[in-house]
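Reviewing the structure listed below.
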Amino acid sequence: MTAVPLESFCADLERLRGDAEAAFQSVADAAALEAFRVEFLGARSGRLKAIQKSLGGLEVADKPAGGRYFNDAKNAITACLEAAQARLAEAAGGVETGSIDVTLPGTLVPLGHVHPLTRTIRRVQEIMGRLGFESVDGPEVEDQWHNFEALAISAEHPARDPLDNFYLAVARGADPLLLRSQTSTVQIRVMENREPPLRIVSLGRVYRPDTADATHYPMFHQVEGLLVEPGTTMSHLKSVLRLFASSFLGGDVRVRFRPSFFPFTEPSVEVDMEWGGRWVEMGGAGMIDPAVLEAVGYDPDAISGFAFGLGVERIAARRYGVDDIRDFYRNDVRFLRQF
Ligand code: FA5
């Protein structure tokens, strides 16, 4: 077999190198780039591979020079490929691989943070936990027993009006289920299943078809507190609420209890807190009505307790100086970043 002359071997390499440079410089998209990579540098049938095979046909004396020519051409073609890859990545908005300076200081990745309402809920749980109140959950889809009847809210009571509730097209027995309108449902669920003494707090969503304004939203959160222990009186209720308010809002907060009415507490009060020279209603409270204690199977002559329910959006607004609770739900990051 006649040996391959070194000149023709080098001429083939030069031609290949010229073709590859032209191809990689003009390539305009990733698919074409890949096609050229296979054509020139493909490991099995690439054009460079074909020339590499002819390296074995050189005269023994020419082989070292042929090998150097081959390696130079291979490096040059590979560099053309890498330059084309970087050019396309940059055009696509990527980072040019060769341009990363690893000695530069890193930049902080912006992290999200907990929503102010979630933070409020956790803080309330923590404060109440220190007062011995265990956190419990209840379902958001409720039946009429837990949302109304066990709470002594009779069938005729306006609170059951379809215009004031989100009744569902799903029923349990004859009664349609509803999205709970208050967390007082959880008082009943806990008392039905446990014996006193009880100290629980329950925070969660409630739903009412209220028109949204600065202090109302159709979906909002309540914090429900319940304490059932022999000898409980109204003064215990007032002390717990004052302690909670000063822990959550600061020692200078003023709390006011106004006589009121709830079917499930007797006596009942509205709990107001002062905010910017105004009194804002934060919730309701009272001593558990004997009818409720009976409904859950307790003896009202042997046991007493208190309950309260506060609006989480309202206490959060008071805490963070927010004038309009709708801001909690607008998802405007300029607002949320402030917390
Ligand atoms: C109740 O829901 C009673 N379950 C509270 C209670 C619990 C009384 C235990 C006695 C014993 P009321 O409807 O007033 O009460 O609501 C309580 C609080 O929820 C209000 O004071 C207010 O802070 C908040 N709230 C009521 N409606 C809305 C609304 N649409 N948007 C935001 N907050 C609301």
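The values are calculated or read from the model by the stated rules, or taken from the named source; none is laboratory data. Just so it is clear, the structure is predicted and the values come from calculations on it, not from any experiment. With ideal geometry, Cβ positions are generated from the backbone for all residues, glycine too; neighbour counts draw on all protein chains shown. Ligands, DNA and RNA are stripped out before the accessible areas are found, and what is left, the full protein with its side chains, is counted by its heavy atoms. Shrake-Rupley method; radii C 1.70, N 1.55, O 1.52, S 1.80 Å.
Any idea what angle helix 30-41 forms with the longest principal axis of the chain, computed on alpha-carbon atoms, 0 to 90 degrees, nearest 10?
For helix 30-41, the angle is close to 40 degrees.
Give a quick list of trypsin sites (Lys or Arg not before Pro) in region 242-300 that DSSP marks as loop, anything other than H, G, I, E or B, with at most 13 other Cβ atoms within 10 Å.
Values: sites: R242, R254, R256, R278; in loops: R254.
Filter output for region 242-300: R254.
Once you have a ≥ b ≥ c as the square roots of the Cα gyration tensor eigenvalues for region 142-277, tell me rounded if a/c is under 1.5, and otherwise prolate or oblate according to whether a/b is larger than b/c. Each step should come with its number before you reach the end.
Working: a/c = 2.06, a/b = 1.34, b/c = 1.53.
Note, shape of region 142-277 comes out oblate.
Which distance in Å, rounded to a whole number, links the C-alpha centroids of region 149-168 and region 203-220?
A separation of 17 Å, based on Cα centres.
Need the C-alpha centroid separation for region 101-148 versus region 262-339, integer Å.
Each part reduced to its Cα centre gives a spacing of 18 Å.
How far is helix 234-249 tilted off the main Cα axis of the chain, in degrees rounded to 10, range 0 to 90?
Long axis of 234-249 versus the principal axis of the chain: about 30 degrees.
GluC sites (Glu not before Pro) within region 5-69: which are DSSP loop residues with at most 16 other Cβ atoms inside 10 Å?
Working: sites: E7, E14, E21, E34, E39, E59; in loops: E59.
In loop regions of region 5-69 (DSSP not H, G, I, E or B), the sparsely surrounded GluC sites (Glu not before Pro) are E59.
First obtain the Kirkwood hydrodynamic radius of the chain from its Cα pairs, then insert it into the Stokes-Einstein equation at 10 °C and 1.306 mPa s, and state the resulting D in µm² per second as a whole number. List each step's numbers first, then the result.
Values: Rh = 26.3 Å.
Rounded to a whole number, D works out at 60 µm²/s.
Of all the accessible heavy-atom surface of the chain, with the other protein chains kept in place and a 1.4 Å probe, what percent is carbon and sulfur? The partial results should precede the final answer.
On the way: 9740 of 18290 Å².
Of all accessible area on the chain, carbon and sulfur atoms account for 53 percent.
Which angle between 0 and 90 degrees, to the nearest 10, do you get for helix 184-193 versus the longest principal axis of the chain when only C-alpha atoms count?
The angle comes out at about 80 degrees.
Using the heavy atoms of the protein chains and a 1.4 angstrom probe, tell me the accessible area per residue for region 204-339 in square angstrom. Working shown, then result.
Values: 6210 Å² over 136 residues.
I get 46 Å² per residue for region 204-339.
Using a Gaussian network model on the chain with a 10 Å cutoff between Cα atoms, which of V38, V170, V292 fluctuates the most?
V38
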